[in-house]
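The values are calculated or read from the model by the stated rules, or taken from the named source; none is laboratory data. Quantities reported herein were computed from a predicted structural model and do not represent experimental measurements. Because the Cβ atoms are built from the backbone with ideal geometry, glycine has one as well, and the counts that use them run over all protein chains shown.
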Amino acid sequence: MTTSEQIRQTVERNADRYQETLFRLLRQRSISAQGDGVEECASLVAETLTELGIDSRVMATAGFPVVFGEVRHPDARETLLIYGHYDVQPPEPYDAWVSPPFEPEVRNGRIYARGAGDNKGQFLAHILAYHTLVELGAAPALNMKFLIEGEEESGSTNLGGFIREHRNLIAADAVYAADGPMHPSGRPVVFFGLRGMLTVEVRVRGANRDLHSGNFGGPVPNGIWRMVDLLQSMRDDEGRVLIDGFYDDVAGPTAFEQGLLDAIPFDEEAVKENLAIAYFDGPPEAGYYEKLMFYPTLNLQGIGGGYVGPGKKSVIPSECIARLECRLVPNQTPDSVFRAIERHIHYRIPDAVVTAVEGTLPSKTSPELPYSRAVVRSVGEAFGVDPVVMPLLGASGPNFLFTDELGLPAVWTTYANADEDNHAPNENISVDAFKRGIVASARLLTDLAASGALKDRGDT
Ligand SMILES: [Zn+2]
């Protein structure tokens with residue numbers, strides 16, 4: 001079998017060429033939020049795949065196109081679907097960049113450009129990994145499919161539609177992706193899912209209009225007080241949510257996942273000092289990472305009402321608006337949590353207007369699957385250090401399309417340095433991380449082809 005050393009040497013030998021391949025993608029603008037260069041970038045990504053020996057095409061969606069690539073191996077019994085995105089965040093403010101965002105430059109061992117880490121440098125690693133193995137005469141006996149979308153930085157609006165429409169084309173045994181920064185300790189991160197999200201807008205009224213607070217003050221209800229009383233009824237003093245049914249579907253961590261939580265580096269005092277907070281919110285019986293991954297939140301995004309502008313205004317405000325946000329955990333759904341919130345509110349204020357603004361399902365793959373373990377192993381070997389293994393990230397995203405819509409295990413890792421400054425000026429990926437990412441993907445493809453781990457759902 002191909003050794004990691006052989007892979008490393010081949011990546012090293014091709015390093016200049018691989019870097020130039022990345023530079024070519026980085027020079028092409030692809031700002032989905034501004035519709036700038038996105039289609040051109042899709043064509044360039046497809047061209048790059050083709051040049052590296054992967055059949056590819058640009059496919060339309062209701063928004064920006066998806067680039068789909070495919071490699072078939074005659075002896076393959078399994079298929080890995082690799083996900084990435086070629087669009088980037090707007091680079092503004094331009095004058096904060098040391099070198100222009102679409103003119104990649106190496107300084108101090110880092111490649112600086114918009115998209116260097118997020119996500120061009122990371123999705124390209126998988127493609128170059130395949131090329132590396134072919135050059136070694138060790139093409140993995142694995143079918144590979146590449147789904148590189150162009151709307152991730154704009155909410156992946158049309159990814160769901162694309163996946164539902166092309167279910168057969170993208171059929172696979174598992175999903176792999178690299179995105180995001182490493183842990184601040186310099187160790188890569190492997191994670192197995194994301195929290196979901198539900199945003200709810202609540203409108204509460206006092207009288208039918210704002211009123212003079214002297215002429216009407218006392219007997220007439222105030223919309224803001226009604227809202228404050230309502231919100232107060234939703235939590236106890238220690239941060240437990242009191243909404244009936246809110247925690248009903250919550251599946252806590254398994255014993256294996258609890259072990260992973262306990263192994264995540266955590267310096268409580270450093271976190272408090274960094275944030276200038278005296279205590280952590282939320283139920284005291286749960287630890288920091290347990291709250292971040294396995295406890296749903298009830299966050300207040302904002303409250304609006306009354307008058308706090310210059311001077312003064314003696315008024316009894318009629319209306320108050322609040323935006324509530326819940327990060328959802330396995331096995332909650334936005335629908336059931338919304339119904340619980342709505343019931344809680346209407347029981348107390350029947351005429352409150354309660355609207356679901358958006359909802360995203362949580363997603364989770366078992367970290368105990370042979371495939372999951374293969375990823376942890378490959379990434380650890382390539383980066384020369386054990387990855388930080390997270391059952392979930394606290395954030396939300398379209399990963400549920402893979403885990404729930406397609407029913408596939410989906411495992412994510414991070415190939416970019418912790419200070420990649422994604423979404424910010426001077427985004428970068430270290431040359432070393434870029435090369436190690438290629439090694440990690442090549443290692444994984446080789447291991448998966450040899451072990452048959454992709455179809456193995458284990459005994460979990
Ligand atoms: Zn991003």
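Details
- Residue ID - surrounded by the most Cβ atoms within 10 Å (Cβ to Cβ), chosen from residues in region 220-273 that are small (Gly, Ala, Ser) and more than 23 Å from Gly196 (Cα to Cα): Gly223
- Residue check, Val98 away from the ligand (no atom under 16 Å from the Cβ) and under 16 Å from Glu427 (Cβ atoms): yes
- Matching residues in region 398-426 - criterion: being surrounded by fewer than 21 Cβ atoms within 10 Å (Cβ to Cβ), more than 18 Å from Gly109 (Cβ to Cβ) and either of a type in the set (Lys, Arg) or within 13 Å of the ligand (Cβ to nearest atom) (or both): His423, Ala424
- Restricting region 300-318 to residues that are free of Cβ contacts under 8 Å to residues at least 60 places away in the same chain and surrounded by 12 or more Cβ atoms within 10 Å (Cβ to Cβ), the residue that is farthest from the chain's Cα centre (by Cα) is Lys313.
- Hey, Pro188 in contact with a Phe, Trp or Tyr (Cβ under 8 Å, 6 or more places away or on another chain) and farther than 26 Å from Ser378 by Cβ or not: no
- Residues of region 312-371 classified as farther than 30 Å from Leu408 by Cβ, in a loop (DSSP other than H, G, I, E, B) and of a type in the set (A, V, I, L, M), total: 2
- Yes/no for Asp87 being within 24 Å of Tyr176 (Cβ to Cβ) and more than 26 Å from the chain's Cα centre (by Cα): no
- Among the residues making up region 180-236, those that are within 16 Å of the ligand (Cβ to nearest atom) and assigned to a loop (DSSP other than H, G, I, E, B) are Gly180, Met182.
Table: residues versus (1) touching a Gly at 6+ places or on another chain (Cβ under 6 Å); (2) within 16 Å of the ligand (Cβ to nearest atom).
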residue	(1), (2)
Phe68	no, no
Pro93	no, no
Ala113	no, yes
His126	no, no
Ile148	yes, yes
Tyr176	no, no
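- Selection within region 71-91 - away from the ligand (no atom under 16 Å from the Cβ) and surrounded by 18 or more Cβ atoms within 10 Å (Cβ to Cβ): Val71, Glu78, Thr79, Leu80, Leu81, Ile82
- For region 291-305, a residue qualifies if it is among the hydrophobic types (A, V, I, L, M, F, W, C) and either under 17 Å from Gly245 (Cα atoms) or touching a strand residue (DSSP E or B) at 6+ places or on another chain (Cβ under 6 Å) (or both), and the qualifying residues are Phe294, Leu298, Ile303.
- Taking region 1-117 and the strands (runs of 3 or more DSSP E) fully enclosed by it, the elements with 1 or more residues that are of a type in the set (S, T, N, Q) are at 55-59, 79-85.
- The one condition in (1) within 23 Å of the chain's Cα centre (by Cα); (2) without any contact (Cβ under 8 Å) to a residue 40 or more places away in the chain; (3) closer than 29 Å to Ala171 by Cα that Ile82 fails to fulfil: (2)
- Within region 51-66, the set of residues being surrounded by fewer than 20 Cβ atoms within 10 Å (Cβ to Cβ) and either at positive phi or within 16 Å of the ligand (Cβ to nearest atom) (or both) comprises just one member, Gly53.
- Positions within region 421-453 being at pLDDT 95 or above, in a loop (DSSP other than H, G, I, E, B) and over 24 Å from the mean Cα position of the chain (by Cα), in sequence order: none
- Leading residue by the ranking (nearest to Arg24 (Cα to Cα)) among those in region 55-103 that are modelled with pLDDT of 95 or more and basic (Lys, Arg): Arg57
- Total residues in region 128-155, condition under 21 Å from Pro398 (Cβ atoms) and either assigned to a helix (DSSP H, G or I) or at pLDDT below 95 (or both): 4
- Filter pass, Ala395 being within 16 Å of the ligand (Cβ to nearest atom), without any contact (Cβ under 8 Å) to a residue 12 or more places away in the chain and surrounded by fewer than 24 Cβ atoms within 10 Å (Cβ to Cβ): no
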